[in-house]
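This report concerns only the one structure given below.
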């Protein structure tokens, strides 16, 4: 009769878990949140009255048209930022994947790390100072951060793609550009498109938030009505945000599924 040996406890795993729990407990203690006041009858009543002020949403045709225009502006900001980032990321992915030498690879990867380490909201504040308040500042902010993300992802996919087709074309007399375009690009392009579509989904949500710092679109509209305590109008803008995100998520998911199961 054979006995199944039980796996030994991982000392490192238990140590890491204990450290994580200690950090969580220390965080709650440091924040000193008064949960009794938060969950008191008075606080719950105030929160309930505040939420009730958002209903019913403002469905006047004039305001619906304004919210629709803000949704189109948010969609344009996210699409333009994503397209600019995809183009810049594709260009930077070539040296970042080591195709131009180790030195340039390190330099470009440092640039990509810097771009994505700065949050979109910080880029938006800087772009508002540079080009002024409006949707163009939001598009540039999204483009800068997303370039760092897509450039790294594109470079990783290039590094993992087999080089044999490209090398065979070069040995056959093709130039470097033609060998890359016919040998390596078809292998990574579906994955690049899938990455871009996924980031576009994320940029739709972020484009709505960037309006709070002057990036235009639904976020700016939401900030305006919340600042003057017009909750029904703010609720209409929130519904428009939800519908826009749901529409883009569905369209992007269908496009990614069309690329094939390996890249969906």
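In region 130-171 the Cα-Cα distances spread across 5 Å bins starting at 0 as 5, 19, 15, 13, 11, 10, 9, 7, 6, 4, 1 percent of all pairs.
Each part gets one Cα centre, and for region 184-208 versus region 98-152 those centres are 16 Å apart. Shape analysis of region 205-264 yields a ratio of the Cα radius of gyration to the Kirkwood radius, Rg/Rh, of 1.19.
Axis of helix 185-210 versus longest Cα principal axis of the chain: the two differ by about 20°, to the nearest ten degrees. Per residue, the convex hull spanned by the alpha carbons of region 60-258 comes to 120 Å³. For region 36-149, the Kirkwood hydrodynamic radius comes to 17.5 Å, computed from all pairs of different C-alpha atoms.
Which semi-axis lengths, in whole Å and largest first, follow from the square roots of five times the eigenvalues of the Cα gyration tensor of region 96-189?
On the way: eigenvalues 238, 38, 22 Å².
Ellipsoid semi-axes (Å, largest first): 35, 14, 10.
Quote to one decimal, in nm, the extra length available between residue 230 and residue 83 on full extension: 0.36 nm per residue of separation minus the C-alpha distance between them. Numbers along the way, then the final one.
Values: separation 147, 0.36 × 147 = 52.92 nm, distance 3.48 nm.
Gain on stretching residue 230 to residue 83: 49.4 nm.
Rounded to the nearest 10 degrees, what's the angle between the helix 102-117 long axis and the longest principal axis of the chain, both from Cα atoms, 0 to 90? Relative to the chain, helix 102-117 is tipped by roughly 10 degrees. Computed from Cα positions, the angle between helix 135-160 and the longest principal axis of the chain comes to roughly 40 degrees.
The numbers here are math on the coordinates, done by the rules we state, and not lab data. None of the values given here were measured: they were computed from a predicted structure.
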